[in-house]
Amino acid sequence: MFSSVAHLARANPFNTPHLQLVHDGLGDLRSSSPGPTGQPRRPRNLAAAAVEEYSCEFGSAKYYALCGFGGVLSCGLTHTAVVPLDLVKCRMQVDPQKYKGIFNGFSVTLKEDGVRGLAKGWAPTFLGYSMQGLCKFGFYEVFKVLYSNMLGEENTYLWRTSLYLAASASAEFFADIALAPMEAAKVRIQTQPGYANTLRDAAPKMYKEEGLKAFYKGVAPLWMRQIPYTMMKFACFERTVEALYKFVVPKPRSECSKPEQLVVTFVAGYIGVWKGLFARIIMIGTLTALQWFIYDSVKVYFRLPRPPPPEMPESLKKKLGLTQ
């Protein structure tokens, strides 16, 4: 029993790199052992496949632009889809005496505002979270490459979880600045009866009353809420994808079909947030999984380079004596 616990502790993806080295190295050696036919297994290439297979070069301006577009669709569509639930949640927080629960909140809103009332705030939600997705996913790819180049190949592998955390935190910092104005307008529309019904009414009124600060008063709370969540969301997703391809999927990603790769993406996105109460699992887990699925679907559709999960560099294997 204790040996099993120790094994799991060593395999913990959030452990320090040096405690994972032997575990990862042995795993890599196993993956290079002969296959069932007696032939050596094909090693996975760290770089993306041949450039001619893709529509652009990895790390190019077009690559980052299309990643940002994927983020726009990923976050904009999913958050707009749950506007009714978000509206009721915000009203419950502001006036818990009137909106006593989810079902009661829906009932009161339908009675007072009708079905159209459930869509209040959809425009700032779509615009705000589209901008957030653009920065969240687009800048994440930028910072991941930037920090990886700063660390070098070996340290990138050793500290890859820290790399994911740093890149996602940096991206979310800018994403929340982009989201804040629309989030402020959305909250006014949804929680202050009679203030405004549309973004066209709310934005000029807010600027007239308080100036630009009206749109950015909530950016600090957004950072406090969103940055830790995004750090865990991206780091858990990256390490879950790595674990699925290493221990669950019976073949390298380069040999998987596009639909198979998208299934792995969806499952990894769901597992990455498998914490909390049942309702939260269903809502947040599904929302996050759909975001990753849409984002990866855009990469597939536009034929963007998608490097395989990271493997220990050959130079590091030699230093550790893991190669002959």
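The figures follow:
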| quantity | calculated |
| --- | --- |
| Alpha-carbon spread of the stretch 68-153, three principal axes, descending order, Å | 59, 22, 15 |
| Peptides 254-265, 185-196 ordered by average Cβ neighbours within 10 Å, highest first | 185-196, 254-265 |
| Cross-link reach list, lysines versus Lys319, counting only Cα pairs under 29 Å and skipping chain neighbours closer than eight places | Lys144, Lys246, Lys251 |
| Total formal charge among the other residues, if their Cβ is under 10 angstrom from that of Lys144, Lys/Arg +1 and Asp/Glu -1 | -1 |
| Cα→Cβ-extended label distance, 7 Å offset, between Thr323 and Lys246, nm | 1.8 |
| Probe 1.4 Å, accessible area per residue of the stretch 59-217, Å² | 48 |
| Mean separation of Cα contacts under 8 Å (6+ apart) over length of the stretch 59-217, as relative contact order % | 28 |
| Rg ratio (alpha-carbon, reference 2.2 N^0.38 Å) - the stretch 59-217 | 1.26 |
| Cα-based reach from Lys89 at 29 Å (exclusive), listing lysines while leaving out same-chain residues under 8 positions away | Lys98, Lys100, Lys111, Lys120, Lys136, Lys186, Lys205, Lys208, Lys213, Lys217, Lys233, Lys275 |
| Extension gain (nm, one decimal) between Lys89 and Glu112, 0.36 nm per residue minus Cα-Cα | 6.6 nm |
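The values are calculated or read from the model by the stated rules, or taken from the named source; none is laboratory data. This one's a predicted model, so the numbers in the text were calculated from it and none came from an experiment. Note: ideal-geometry Cβ built from the backbone for every residue, glycine included; neighbour counts use all protein chains shown. Side chains are part of the model used for accessible areas, which takes the heavy atoms of the whole protein and leaves out ligands, DNA and RNA. Shrake-Rupley method; radii C 1.70, N 1.55, O 1.52, S 1.80 Å.
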